[in-house]
Amino acid sequence: MNLRRNTLIAFVVLLALLPQLPVPEFWITQGNYIGLYTLVAIGLVLLTGVAGLTSFGQAAFVGLGAYTAAYLTLSHGVSPWLTVWIGLAFTGSVALVLGWVTLRMSGHYLPLATIAWGLSLYYLLGNIQALGKYDGLLGIPALNFFGIDLNTGRSFFYLLWAVVVLAAIAITHLLDSRTGRALRAVKGGTTMAEAMGVNTYRIKVTAFVLAALLASVSGWLFAHFQRTVNPSPFGLNMGIEYLFMAVIGGVGHVWGGLVGAGVVQILKDQLQVLLPKLLGGSGNYEVIVFGVLLIVVLQYARDGIWAFVEARLPHVQRKNDWAAAPALTERARPSHGSVVLDVKQVRKEFGGLVAVNDVSFQVRAGEIMGLIGPNGAGKSTTFNLVTGVLPATRGEVRLLGERIEGLASREIARRGVSRTFQHVKMIAGMTVLENVALGAHLRGTRGVASAMLRTDRAEERQLLKEAEKQLRRIGMAEQMHELAGNLALGPQRLMEIARALCADPMLLLLDEPAAGLRLKEKQGLADVLRQLRGEGLSILLVEHDMDLVMGLVDRIVVMEFGTKLIEGTPEEVQASPAVRAAYLGTEH
Ligand code: ADP
Ligand code: MG
């Protein structure tokens, strides 16, 4: 942390000194453009790098901010210190509607919609008489900051970079928070995030609106810096260029936005001078170089320039400041032996395939139920029906008597059901501790604003303390500061269990948790599960390791081809000729 803080302080001091030094005006202007672009690129880092959503329409949001400022100031004499807020409200509303409509749909709707949005705003601005058509609006006044006219590049530089640094800090804070973890969790699909209680649709819209707001501020500054606006800097070309900055710099890192904006702006400027000289004639040759460069970066340095720099910086371990935090409150557990999960005649068809064929069973409080059967028997599908990942074709699932089969995954999670996945789902670039803390998402409430302002720290300490507690329980405290992606498969599975436990569930569903574990790890896992059972937790366990299952569970449901074959104690199941024939015979 200290190295980072010192780097930031050095950077701010450098920024403060720069306009005082005999730097040519040209470089001050470049610095101003880099600042304006950095604001937009930071938004894209959040949107594209962190949340995995692509927008080509950021330039159009810059345009909204810029035109709102220009028009209101010129035509109605509104103070720029008011127009910035009006611009934010306007841009935010447009982004909200756009995000609200397109983010419901998966896949490529957002990139396509932002292309359409970027194109249409450009032509709209160019055709409105009151906005000066393609000539735009001229004579926008300079900003006046408490009596100081910011009418020179050097004076403007201070305001601009103050805004950039504040935005960078706010977004850095956001990423290191409950909401930040939820944002990261939506990148590679929403199933896991939803299972942890995250409203992924809402979080995506939030990221989209935040990125648009940063673009809007950039537009407001842009209007008062250039003192004139016209549609061309807000078209699709520029939208692509912003994306390019984020990718070059490193889409996952706030400082990547700065690096990308800097590199692209300086390179573009140099190329615009150099290329026509080399190639003769005039033309936007730099576009070709950018295209080639983008391909090279995507091929050889997917994570951009900043990731390359970061890998060479000393690794900073998170300081443990949560040891003294009060423990989170725990949910009341149902009384021992009462029915927690009641699955009644549940059926799931995939086209003609009956994956789960009218299966019924119950799991009681303080009981471990094994769910076994050959591959393709329908075990994971049953998990998905219970946890709301898939809708049942018919049948009922009740949790403490309440029907849950129609509920969203996150609503079921909220009621106390937590799970792991047969194929580990995690955020590889986040530490083990942060991955596990995601499991406690529903036990916190703090959102974007308090994360940015750091008023969420007391709650954050509680969440991290809970994460550490569950990691310790599962025997992984030593690895909490490692990146999850660097773990072997076994520990990754254990990490998922710790994450599920962070939700303080009453029902825990484990899908092949021991696959890839070493014998000692398996024994450790069995001990933990026994301990949890003793605490009154209900566990539904899918597992192929029969020694583990038979020695651990209270009862077993055997499935084959989607159908429940038998239910009984481990002894009864082992003694059943049908099971021997169908399943155990092939395993042993
Ligand atoms: P198990 O976990 O017992 O190995 P699954 O529940 O994963 O079995 O799968 C049961 C059957 O349903 C398999 O034949 C599988 O191919 C099929 N299946 C699972 N998920 C889907 C899906 N999303 N679409 C179509 N078929 C599926
Ligand atoms: Mg399975």
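You will find that of Ser93, Ser75, Ser79, the residue that is more than 16 Å from Tyr201 (Cα to Cα) and within 29 Å of the chain's Cα centre (by Cα) is Ser93 and no other. The condition of being part of a loop (DSSP other than H, G, I, E, B), within 16 Å of ligand 1 (Cβ to nearest atom) and more than 30 Å from the chain's Cα centre (by Cα) holds for Ala377. Which one is nearest to the chain's Cα centre (by Cα) among residues in segment 503-522 that are away from ligand 2 (no atom under 16 Å from the Cβ) and within 18 Å of Val436 (Cα to Cα)? For segment 503-522, the residue satisfying everything is Ala503.
Residues that are of a type in the set (Gly, Ala, Ser) and either free of Cβ contacts under 8 Å to residues at least 12 places away in the same chain or under 17 Å from Pro505 (Cβ atoms) (or both) within segment 375-388 comprise just one, Gly388. Filtering segment 337-350 for residues that are in contact (Cβ under 8 Å) with a residue 24 or more places away in the chain, under 30 Å from His481 (Cβ atoms) and aliphatic (A, V, I, L, M) leaves an empty set. Going by the conditions given, is Ala526 of a type in the set (A, V, I, L, M), closer than 20 Å to Val549 by Cβ, within 16 Å of ligand 2 (Cβ to nearest atom) and over 25 Å from the mean Cα position of the chain (by Cα)? No; evaluated as a whole, the condition is false for this residue. Residues in segment 360-413 that are touching a helix residue (DSSP H, G or I) at 6+ places or on another chain (Cβ under 8 Å), within 13 Å of ligand 2 (Cβ to nearest atom) and within 18 Å of Glu567 (Cα to Cα): Leu371, Ile372, Gly373, Pro374. Only residues that are in a loop (DSSP other than H, G, I, E, B) and buried (at least 16 other Cβ atoms within 10 Å of the Cβ) were counted across segment 303-324, and they come to 2. Screening the candidates Val359, Val289 for the property of being in contact (Cβ under 8 Å) with a residue 12 or more places away in the chain and away from ligand 1 (no atom under 16 Å from the Cβ) yields one hit, Val289. Among the residues making up segment 503-521, those that are at pLDDT 95 or above and more than 16 Å from ligand 1 (Cβ to nearest atom) are Ala503, Asp504, Pro505, Met506, Leu507, Leu508. Within this structure, Thr455 fails the test of being assigned by TED's automatic domain parsing to the domain that holds Leu508, at pLDDT 95 or above, within 16 Å of ligand 1 (Cβ to nearest atom) and β-branched (Val, Ile, Thr). Please state which one of Val40, Val50 is modelled with pLDDT under 95, among the β-branched types (Val, Ile, Thr) and on the phi < 0 side of the Ramachandran plot. After applying the criteria, what remains is Val50. Across segment 389-405, the qualifying residues are those that are crowded, with 18+ Cβ neighbours inside 10 Å and in contact (Cβ under 8 Å) with a residue 60 or more places away in the chain, and the one among them that is farthest from ligand 1 (Cβ to nearest atom) is Leu399. Across segment 221-273, the number of residues qualifying as in a helix (DSSP H, G or I) and either more than 25 Å from Leu88 (Cβ to Cβ) or among the aromatic types (Phe, Trp, Tyr) (or both) comes to 20. Each residue in segment 502-545 was checked for being on the phi > 0 side of the Ramachandran plot and crowded, with 24+ Cβ neighbours inside 10 Å, and 0 pass.
For segment 416-436, filtering for residues that are part of a loop (DSSP other than H, G, I, E, B), more than 16 Å from ligand 2 (Cβ to nearest atom) and crowded, with 19+ Cβ neighbours inside 10 Å leaves 4. Here Arg499 fits the description: more than 16 Å from ligand 2 (Cβ to nearest atom) and surrounded by 22 or more Cβ atoms within 10 Å (Cβ to Cβ). Inspection of segment 561-572 identifies at least one residue that is within 16 Å of ligand 2 (Cβ to nearest atom) and more than 27 Å from Arg415 (Cβ to Cβ).
Could we say that Asp554 is exposed (fewer than 14 other Cβ atoms within 10 Å of the Cβ) and on the phi < 0 side of the Ramachandran plot here? So Asp554 fails the test. If the condition is being surrounded by 13 or more Cβ atoms within 10 Å (Cβ to Cβ) and over 27 Å from Pro314 (Cα atoms), then segment 1-33 contributes Leu18, Pro19, Val23, Trp27, Ile28, Thr29, Gln30, Gly31, Asn32, Tyr33.
The values are calculated or read from the model by the stated rules, or taken from the named source; none is laboratory data. This one's a predicted model, so the numbers in the text were calculated from it and none came from an experiment. Positions of Cβ are generated from backbone atoms using ideal geometry, with glycine treated the same way; all protein chains shown enter the neighbour counts.
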